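K.L.:
Got a structure here, written out as structure tokens. Questions coming.
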Amino acid sequence: MWPGLVQTAKEGGVDVIESYVFWNGHELSPGKYNFEGRYDLVKFVKIVQQAGMYMILRIGPFVAAEWNFGGVPAWLHYVPGTVFRTDNEPFKYYMRNFTTFIVNLMKQEKLFAPQGGPIILAQVENEYGYYEKFYGEGAKRYVTWAARMAVSQNIGVPWIMCQQDDAPDPVINTCNSFYCDQFTPNSPNKPKIWTENWPGWFKTFGARDPHRPAEDVAFSVARFFQKGGSVHNYYMYHGGTNFGRTSGGPFITTSYDYEAPIDEYGLPRLPKWGHLKELHKAIKLSEHALLKSEPTTLSLGPSQEADVYDDGSEVCAAFLANLDDKTDKNVVFRNVSYHLPSWSVSILPDCKNVVFNTAKVGSQASLVEMMPEELTPSVTSPSKGLKALKWDVFVENAGIWGVADFAKNGFVDHINTTKDTTDYLWYTTSIIVGENEEFLKKASHPVLLIESKGHALHAFVNQELQGSASGNGSHSPFKFESPISLKAGKNEIALLSMTVGLQNAGGLYEWVGAGLTSVKIEGLKNGTMDLSMSRWTYKIGLQGEHLSIYKPDGLNSINWVSTSEPPKNQPLTWYKVVVDSPSGNEPVGLDMIHMGKGLAWLNGEEIGRYWPIKSSEHEKCVEECDYRGKFFPDKCLTGCGEPTQRWYHVPRSWFKPSGNILVIFEEKGGDPTKITFSKRKISGLCSLIAEDFPMVDQAPVRKGGSGKSAARLKCPKNTLISNVKFASFGNPTGKCGSYSMGECHDPNSTLAVEKVCLGKNECAIELTEENFDKGLCPGTTKRLAIEAVCS
């Protein structure tokens, strides 16, 4: 997907790609490196270079990034004497080694700018300023050491440190935030760089969906360049997918969509992508003025100001801002009146004509749907000639499989035991229940009480699932309380503890543990039975994982049971099915709404963790997002009572035309017959534009533009506008997918739009007298709303 993603970014007016380097993806054990497939760093940088773009390489090698363990390899935590990210020899030794290895690899391939390559900046460390206080005296020494170590690499381009106010010269300190216009670097010799503008936010399993409106993202970028900004980067412009077990947190979803301008599946997110594209054009139109002069600030009102870049020659650009988050304002600038919507910036590349306002979104929106397609078998059943899905099933033992790994009195830490080779650790013990226990006669149930440091748990008694529990993205520890079925005699208790991604940031974060801390049974004759110091027997991982039964070459290491009716709601079950590739070429998501929790693979490639857990319906969600005023992650949430993640991205390149092996491990029970592949389709396009919308494409600054507002529609590749579902010139209301006519409406609207657009891949309809009745509802600013279908 890389070349297409880079191309879509370039089309969006981006000229630099920034990426982290994931240490734990590259150095699998000390000195053993991996640059295959998704970890082919050189190939990635060269794709950026071939697109004629620059590259910012954030080597870190601590990166946070909602990525497992913040990108640091788990093995490093077990090297004696190591504390991550502070002044100690083992950490510095391995960090220097890895940084040097990556730098040398880039030099070898001539990828730094002085060698003719695309890399113009490199980053060492990451947001350390937030956590320095946890590391005492060692912190300052570590920052100084990291900066020196980086600079000594002689890469010929500057090094940066983000969120690091005391970054020593010549390392440039940079800003990460929703807004960085007020940021100033720690020396007047350093440019003002914004490494992370968050155009959305990440998601955690069981939480709601955060949204950041396009108007506010554009506002933050325009303000940054208004206030002398030099380099700006979106984190993320494309977030993609945390395949396999790469997501951190804990509890970060497998999707890392981030509500970014390019969505998880590689499609432009509209109108965000398009609105920012227009913004980038407007900034580029002002480039000469921005480079030639320093800004002068003029007050235009109590919360209104202009910044003017004017070197006294012909070249002049201005930014007019209204920081009032409630009221639109008219301001006078150079004897001309300008209307500024609340919380917006207008860009005037010639100090006269507005070509862009951050609050006026004139670019098209889209309706995107996940269209389900049944799984189709790759084998024809010979008896009936019908295609029936043949499922293969393998059920794990609840508890110890094969030989136990070890036994001890009391509990071990989950992460220190698995060393993150798997999410799963079995804790097992047994108890004897006397025949004269009251509950056996009364048919009442004793209660199992468990406390855990995190992250999740399924409790089994005598091979039967009794219940599940988990923490969440803001609090990993949890308690479990459930009635259980015990019988007279010996009872096997098997507790499956799970991690859901390791901690990825925070002070001393690598010391945060997981796993059980207390197990008790209440309701027995002798009161409460505390099993916390009993003899526990442990097994790391699952048998199916151990035998790699999800990989094509490990499929035959167990005896699968074949059936056309796979068991439903059965825990600890592996399902395997051979299917055709979904039709068409749209991106694909695996719909897991009817499953519980587990892992999925296609042809041995890790799709990742699935867990369609729902957010609470009692939390607060919004219908409409108000873009005005400072943004924060909980400002604009949707999806109350919905699964945080229903669909799981399966890249098209993983599919063969037929014979695709889909393997699912289900922990607690689901209905595999209801799994579908869903295709991500743009089912409709919309445009809502007003007569007073500036047009960066048709500004008088550009020769030949009429300066008239125009609605633009563009279908995806190889599709044409086949139907105009709604068109109204006047005062229509609503949003894409649910526009409605106002009392002011030109009855010829639909005809006018059809005339220009039907049968075309793209079209532009100007708001002119030729197209519409401009005499309607005099004295009002009229709008044109369109919804069209591409096919």
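K.L.:
Would you mention how many residues in region 146-174 are in contact (Cβ under 8 Å) with a residue 12 or more places away in the chain and either in a loop (DSSP other than H, G, I, E, B) or over 26 Å from residue 111 (Cβ atoms) (or both)?
P.N.:
Count: 14.
K.L.:
Looking at (1) assigned to a loop (DSSP other than H, G, I, E, B); (2) in contact with a Phe, Trp or Tyr (Cβ under 6 Å, 6 or more places away or on another chain); (3) open to solvent by less than 20 Å² (accessible area, probe 1.4 Å); (4) within 30 Å of residue 157 (Cβ to Cβ), can you tell me which one residue 220 breaks?
P.N.:
Status for residue 220: all satisfied but (1).
K.L.:
Among the residues that make up region 325-332, is at least one of them touching a strand residue (DSSP E or B) at 6+ places or on another chain (Cβ under 7 Å) and crowded, with 23+ Cβ neighbours inside 10 Å?
P.N.:
No, that holds for no residue.
K.L.:
So, one more: Residues that are within 20 Å of the chain's Cα centre (by Cα): which strands (runs of 3 or more DSSP E) entirely in region 1-61 hold 2 or more of them?
P.N.:
On the way: elements: 16-20, 27-29, 54-60.
Answer list for region 1-61: 16-20, 54-60.
K.L.:
Given the conditions (1) modelled with pLDDT under 90; (2) surrounded by fewer than 14 Cβ atoms within 10 Å (Cβ to Cβ); (3) within 21 Å of residue 275 (Cβ to Cβ); (4) not β-branched (Val, Ile, Thr), and given that residue 705 satisfies all but one, which numbered condition is not satisfied?
P.N.:
So residue 705 meets the others, but not (2).
K.L.:
Taking region 755-771 as the search range and keeping residues that are out of contact with any strand residue (DSSP E or B) (no Cβ under 8 Å at 6 or more places or on another chain) and of a type outside the set (Asp, Glu), which one is least open to solvent (accessible area, probe 1.4 Å)? Give the derivation first.
P.N.:
First pass over region 755-771, keeping only residues out of contact with any strand residue (DSSP E or B) (no Cβ under 8 Å at 6 or more places or on another chain): 755, 768-770.
From what's left, of a type outside the set (Asp, Glu): 755, 768.
On the way: 755: 163, 768: 8 Å².
My answer is 768.
K.L.:
Moving to a separate point now. Within region 180-197, does at least one residue satisfy the condition of being under 20 Å from residue 283 (Cβ atoms) and of a type in the set (Gly, Ala, Ser)?
P.N.:
Scanning region 180-197 turns up no residue that is under 20 Å from residue 283 (Cβ atoms) and of a type in the set (Gly, Ala, Ser).
K.L.:
Another question, if that's okay. Among all residue pairs at least 6 apart or on different chains, which show Cβ distances below 7 Å where the first residue, located in region 77-101, is under 16 Å from residue 415 (Cα atoms) and the second is outside any helix (DSSP H, G or I) and open to solvent by 10 Å² or more (accessible area, probe 1.4 Å)?
P.N.:
Here the result reads 78/419, each pair linking region 77-101 to a residue that is outside any helix (DSSP H, G or I) and open to solvent by 10 Å² or more (accessible area, probe 1.4 Å).
K.L.:
Okay, moving on. Being in contact (Cβ under 8 Å) with a residue 40 or more places away in the chain, touching a Pro at 6+ places or on another chain (Cβ under 6 Å) and open to solvent by less than 10 Å² (accessible area, probe 1.4 Å) is true for just one of 500, 519. Which residue is that?
P.N.:
Details: 519 fails: touching a Pro at 6+ places or on another chain (Cβ under 6 Å).
Sole residue among the options that is in contact (Cβ under 8 Å) with a residue 40 or more places away in the chain, touching a Pro at 6+ places or on another chain (Cβ under 6 Å) and open to solvent by less than 10 Å² (accessible area, probe 1.4 Å): 500.
K.L.:
Check residue 80 against each of (1) open to solvent by 50 Å² or more (accessible area, probe 1.4 Å); (2) in a helix (DSSP H, G or I) and name the one condition it does not meet.
P.N.:
(2)
K.L.:
Same structure again: Quick check on region 297-307. Is at least one of its residues surrounded by fewer than 24 Cβ atoms within 10 Å (Cβ to Cβ), touching a Cys at 6+ places or on another chain (Cβ under 9 Å), part of a strand (DSSP E or B) and not aliphatic (A, V, I, L, M)?
P.N.:
No - not one qualifying residue is present in region 297-307.
K.L.:
Still on this structure: Can you name every residue in region 21-75 that is among the aromatic types (Phe, Trp, Tyr), crowded, with 21+ Cβ neighbours inside 10 Å and in contact with a strand residue (DSSP E or B) (Cβ under 9 Å, 6 or more places away or on another chain)? Spell out the reasoning first.
P.N.:
Going residue by residue through region 21-75, those that are among the aromatic types (Phe, Trp, Tyr) are 22-23, 33, 35, 39, 44, 54, 62, 67, 69, 75.
So of that shortlist, the ones also crowded, with 21+ Cβ neighbours inside 10 Å come out as 22-23, 62, 67, 69.
Of everything in region 21-75, those that are among the aromatic types (Phe, Trp, Tyr), crowded, with 21+ Cβ neighbours inside 10 Å and in contact with a strand residue (DSSP E or B) (Cβ under 9 Å, 6 or more places away or on another chain) turn out to be 22, 23, 67, 69.
K.L.:
Here's something else I'd like to know. Is there a residue in region 129-141 that is without any contact (Cβ under 8 Å) to a residue 24 or more places away in the chain and surrounded by 17 or more Cβ atoms within 10 Å (Cβ to Cβ)?
P.N.:
yes
K.L.:
Is there any pair with a first residue in region 12-30 that is within 17 Å of residue 239 (Cα to Cα) and among the hydroxyl-bearing types (Ser, Thr, Tyr) and a second that is modelled with pLDDT of 95 or more and open to solvent by 30 Å² or more (accessible area, probe 1.4 Å) whose Cβ atoms are under 7 Å apart and which are 6 or more apart or on different chains, and what are they?
P.N.:
Filtered contacts from region 12-30: 19/44.
K.L.:
If you don't mind, there's one more thing I want to ask. When you scan region 175-195, how many residues do you find that are surrounded by fewer than 22 Cβ atoms within 10 Å (Cβ to Cβ) and outside any loop (DSSP other than H, G, I, E, B)?
P.N.:
So the count comes out to 2.
K.L.:
Sticking with this one: Restricting region 564-577 to residues that are touching an Asp or Glu at 6+ places or on another chain (Cβ under 9 Å) and open to solvent by less than 40 Å² (accessible area, probe 1.4 Å), which is nearest to residue 378 (Cα to Cα)? First the steps, then the outcome.
P.N.:
If we filter region 564-577 for residues that are touching an Asp or Glu at 6+ places or on another chain (Cβ under 9 Å), which is where we start, we get 566, 568-577.
Narrowing further to those that are open to solvent by less than 40 Å² (accessible area, probe 1.4 Å): 566, 571-577.
Details: 566: 17, 571: 27, 572: 26, 573: 22, 574: 19, 575: 16, 576: 13, 577: 9 Å.
The extreme case among them is 577.
K.L.:
Do the conditions hold for residue 545, that is, is it within 18 Å of residue 598 (Cβ to Cβ), at pLDDT 95 or above and among the acidic types (Asp, Glu)?
P.N.:
Numbers: within 18 Å of residue 598 (Cβ to Cβ): yes; at pLDDT 95 or above: yes; among the acidic types (Asp, Glu): yes.
The answer is yes for residue 545.
K.L.:
Return the residue satisfying two criteria in turn: it lies in region 632-651 and is among the charged types (D, E, K, R) and buried (at least 16 other Cβ atoms within 10 Å of the Cβ), and of such residues it is nearest to residue 675 (Cα to Cα). Show your work before the answer.
P.N.:
The initial filter retains those residues of region 632-651 that are among the charged types (D, E, K, R), namely 634-635, 642, 646.
Then keep just the ones that are buried (at least 16 other Cβ atoms within 10 Å of the Cβ); that gives 635, 642, 646.
Values: 635: 34, 642: 18, 646: 11 Å.
Applying the filter and picking the extreme gives 646.
K.L.:
Which one of the conditions (1) part of a loop (DSSP other than H, G, I, E, B); (2) touching a Pro at 6+ places or on another chain (Cβ under 7 Å) does residue 776 fail to meet, given that it meets all the rest?
P.N.:
That leaves (2) as the condition not met.
K.L.:
If you don't mind, another one. Could we say that residue 431 is surrounded by 14 or more Cβ atoms within 10 Å (Cβ to Cβ) and part of a strand (DSSP E or B) here?
P.N.:
Values: surrounded by 14 or more Cβ atoms within 10 Å (Cβ to Cβ): yes; part of a strand (DSSP E or B): yes.
So residue 431 fits the description; yes.
The values are calculated or read from the model by the stated rules, or taken from the named source; none is laboratory data. Note that this is a predicted model, so its numbers are computed, not measured. Note that we place each Cβ from the backbone using ideal geometry, even for glycine, and neighbour counts take in every protein chain shown. In case anyone asks, the SASA skips ligands and DNA or RNA and just uses the protein heavy atoms, side chains included. Shrake-Rupley method; radii C 1.70, N 1.55, O 1.52, S 1.80 Å.
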